[in-house]
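> Supplied in structure tokens, the structure appears directly below.
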Amino acid sequence: MLDPFRRILSLPGTLAFSSTGLVARMPISMVGLGIVLLVADRTGSYALAGSTSAVLVAASAVASPLQGRLVDRFGQAWVLQGAAVGFAVTTGATIVAVEQDWALPLPHLCAGLAGATLPQIGSVVRTRWRHAVENRAQLDTAFALEAVVDEMIFIVGPVLVTFLATSSNPWSGLLVAAVLGSGGALALSRLRATEPPVEVRTPGTSAVPMPWLRLLPLLIFSVGLGSLFGSAEVVTVAFAEEAGSRATAGWMLAVWATGSLLAGVIVGARPPRGHVLTQLRWSVTALTTMMAILIVLPSVVWVTVVLFFAGFAISPTLIASISLVERVVPPSRLTEGIAWAGTGLMVGVAPGAALSGVAIDSVGASAAYAVPVVSGAVAAASAWAMRRPPAEPTAAVAKHTSGAA
């Protein structure tokens, strides 16, 4: 069953850049929570902690496509090195600003700069895979592998940063996140053999235009999906608290992520035969349906069970969405295109979390699961409204075709 993963990881350089990418993107699941734990401990204000963390997330969302565009224009090595140094310096400044009680809004400014310089490893690694594999089936397996890696990161990262912040100094979790992110990005920048080539432009020519009419539905889809994720997490925590077992919320969300991880392994081992857009439509529809079931469930046990099965729809949805981006955008702007999809997810998380909080206060946790249902419905509607992309422009296929000629 795992042979497809073994085959792609045996290709030259792939194991090195994929494993390095795992380490380098650990901060995506650590820095936000690390800031909350640090600021709340030092100031006693969760409002201030939340706003500081939100600035970091917002800055990362805004800067991600720009960073992707720079990667496509100038190459991965230079941009990763600059981002790594910037992220280390600004994260360190954020720690100092909080520890030394700098006047507002200096901690927010430092956090924003840390978010803006956070290396965008996910899009960089996926772009490398596009140039490393030999055919479409292997690319699908590679995207599934990276979805599994993402789930591992979101299972391990929050536990690690919480353990470090609570068992040692409150800033230690944030410091470790900075070391992993910056060190991993620098290490990845050194792997030049698998770095995709940069498009060579002649003087006076401009970049290949981004197909915004085809990309926009995917961005709307990503915002809806991000809202589903953000709202479902908040509602699940509230549901556990209403049931008198708030400590189980972390385990419930971990079970949800575990379902997604297992689904990623299955999809990578046996990619669906149908069109990727069909996979996207039915996966997000299934996820939305499972969210609707949660509204009527009476206990933590039943909610956890359904979350586990709902998780099986997450990885196929994310894999299909990235695969669609890869088919829609020009090869020379792939990193930026994938970064836009990630930005859509991040943009959706904040309003989803906010709306679910309002719903919880108004109607209770069970009924508040309607927020992720509506968010999922937005994503599903966007998916069903999408047109099939034109024939795939896979770089690897083109490479082997030209080689055969």
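Just so it is clear, none of the values below were taken in a lab; they were calculated from the coordinates. Note that the structure is a prediction, hence the values are computed from the model and not measured. As a convention, Cβ positions derive from the backbone with ideal geometry for all residues, glycine included, and neighbour counts pool all protein chains shown.
> How would you rank 126-134, 185-193, 163-171, highest first, on the average number of other Cβ atoms within 10 Å across their residues?
Descending packing order for the listed peptides: 126-134, 185-193, 163-171.
> Of the residues A88, A240, A385, which exhibits the maximal mean-square fluctuation in a Gaussian network model of the chain defined by a 10 Å Cα contact cut-off?
A385
> Something else: Of the options S299, L218, S245, report the single residue whose Cα projects farthest towards the positive end of the charge dipole of the range 209-405 (beta-carbon charges: Lys, Arg +1; Asp, Glu -1).
The listed residue farthest towards the positive side: L218.
> Right, here's the next one. Mind giving me the nanometre distance, one decimal, between the label points for H131 and E99, set 7 Å out from Cα along Cα→Cβ?
3.9 nm
> As I understand it, the dipole of the chain uses +1 on the Cβ of Lys and Arg and -1 on the Cβ of Asp and Glu, about the Cα centre. Which of G122, A193, T343 lies farthest toward its positive end?
A193
> If you build the convex hull over the alpha carbons only and average its shadow over all orientations, what do you get for the range 209-405? Give it in nm² to one decimal.
Over all viewing directions, the range 209-405 projects a mean Cα-hull area of 11.7 nm².
> What is the dipole size for the chain, taken about its Cα centre, with +1 at each Lys and Arg Cβ and -1 at each Asp and Glu Cβ, in debye to the nearest 20?
Details: 23 positive and 19 negative charges, 265 e Å.
Dipole of the chain, to the nearest 20 debye: 1280 debye.
> While we're on this one: Taking the Cα centre of the range 209-405 as origin, work out the dipole magnitude from +1 charges on Lys and Arg Cβ and -1 charges on Asp and Glu Cβ, in debye rounded to 20. Before the final figure, lay out each step's value.
Values: 10 positive and 7 negative charges, 162 e Å.
It comes to approximately 780 debye.
> Just one of (i) 30.3; (ii) 23.5; (iii) 20.2 is mean projected area of the Cα convex hull in nm² calculated from these coordinates, so which is it?
Given (i) 30.3; (ii) 23.5; (iii) 20.2, the calculated one carries the label (iii).
> Then there's this: Select from A61, A137, A114 the residue whose mean-square fluctuation is largest in a Gaussian network model of the chain (Cα-Cα springs shorter than 10 Å).
With Cα springs under 10 Å in the chain, the top fluctuation among A61, A137, A114 is at A137.
> Return F74, F143 ranked ascending by Cβ neighbour count within 10 Å, so the fewest neighbours appear first.
F74, F143
> So, with +1 on the Cβ of K and R and -1 on the Cβ of D and E, and no other charges, what is the size of the charge dipole of the range 122-223 about its Cα centre, to the nearest 20 debye?
Taking the Cα centre of the range 122-223 as origin, the dipole is about 300 debye.
> In what sequence, highest mean first, do 298-310, 47-59 appear when ranked by Cβ atoms within 10 angstrom?
47-59, 298-310
> Test of understanding: what is the full-extension gain from V363 to L11, defined as 0.36 nm times their sequence separation minus their Cα-Cα distance?
Length gained between V363 and L11: 121.4 nm.
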